[in-house]
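Report on the following structure.
Where a number appears in this text, it was derived from the coordinates with a stated rule and is not lab data. Everything numeric here is computed off the predicted structure, so don't read it as measured data. Note: ideal-geometry Cβ built from the backbone for every residue, glycine included; neighbour counts use all protein chains shown.
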Amino acid sequence: MTIIFDEAAYDSAIKRNILENARKTWRASTERAGEIEDALVSGRNGGSYTEDFIGSLAKAFDSFGKLTPNQSAAVLKGIDARAARRAEWKDKQAVIDAAREHIGIVGEKASLSLIIKKIIHMQGVAFSYRDSGITTLYIMEDAQNNVVIYKGNSAAFDSAEEGQLITLTATIKEHGVRNGVKQTIIQRPKAA
């Protein structure tokens, strides 16, 4: 006869072992189980679960140690749909990137009408008490989707926001390529 000194710990161990055995069986019998478990991570929010479909499935998996075949199929359907959307987007982006060109002639001034796509603030070293040490990178596109980059702080961008159309004159500093995408780097921009 076994003597149990701590019934709560014993019950907890029994439940833990039952869940672990259910997980082992589920993993062995479910195709792409690792992908499903990775997808369920987004349904967990610290010690709670998100209030959506994936959150309810993560809770079920944590409670029972497995998902039903239909639940597993639903997660895989979502994973496959997401992969298809990403592939489609990547193909569309590749077509856009292939059509991008450099703008202007290096060393000459150009008048540009650009849409600000992304503003990135980068912390650097402050060289004086007036210098905050923050440099801003502006990633912009013209009407033909050509990429224009400006790195610095200019009055031309004082009230700039992402998505805003800005018209300016600037010197073409350099024509470059980053990740296979042609881009034009400008300097000394001034509001037109």
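For (1) more than 21 Å from Ala73 (Cα to Cα); (2) of a type in the set (Val, Ile, Thr), each residue gets a yes or a no:
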residue: Lys15; (1), (2): yes, no
residue: Ile18; (1), (2): yes, yes
residue: Lys24; (1), (2): no, no
residue: Ser29; (1), (2): no, no
residue: Gly34; (1), (2): no, no
residue: Asp38; (1), (2): no, no
residue: Arg44; (1), (2): no, no
residue: Ser48; (1), (2): yes, no
residue: Glu51; (1), (2): no, no
- Starting from residues that are of a type in the set (S, T, N, Q) and under 41 Å from the mean Cα position of the chain (by Cα), keep the ones in the stretch 1-34 and report whichever is farthest from Pro69 (Cα to Cα). Ser12
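For every residue, the table says whether it meets (1) assigned to a strand (DSSP E or B); (2) within 17 Å of Gln187 (Cβ to Cβ).
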{"position": "Gly107", "(1), (2)": "no, yes"}
{"position": "Ser111", "(1), (2)": "yes, yes"}
{"position": "His121", "(1), (2)": "yes, no"}
{"position": "Val125", "(1), (2)": "no, no"}
{"position": "Glu161", "(1), (2)": "no, no"}
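Given the options Lys59, Lys66, Lys109, name the one that is touching a Lys or Arg at 6+ places or on another chain (Cβ under 8 Å) and surrounded by 11 or more Cβ atoms within 10 Å (Cβ to Cβ).
Numbers: Lys59 fails: touching a Lys or Arg at 6+ places or on another chain (Cβ under 8 Å); Lys109 fails: touching a Lys or Arg at 6+ places or on another chain (Cβ under 8 Å).
After applying the criteria, what remains is Lys66.
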- Message: Quick check on my filter: what residues within the stretch 34-53 are free of Cβ contacts under 8 Å to residues at least 24 places away in the same chain and surrounded by 15 or more Cβ atoms within 10 Å (Cβ to Cβ)?
- Response: Gly43, Arg44, Tyr49
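Out of everything in the stretch 1-33 that is assigned to a loop (DSSP other than H, G, I, E, B) and of a type outside the set (Val, Ile, Thr), what residue ends up being surrounded by the most Cβ atoms within 10 Å (Cβ to Cβ)? Write out each step before concluding.
Step one: list which residues in the stretch 1-33 are assigned to a loop (DSSP other than H, G, I, E, B), which gives 1-6, 30-32.
Of the ones still in play, those that are also of a type outside the set (Val, Ile, Thr) are 1, 5-6, 31-32.
Values: Met1: 2, Phe5: 6, Asp6: 9, Glu31: 9, Arg32: 14.
Checked the stretch 1-33; the qualifying residue surrounded by the most Cβ atoms within 10 Å (Cβ to Cβ) is Arg32.
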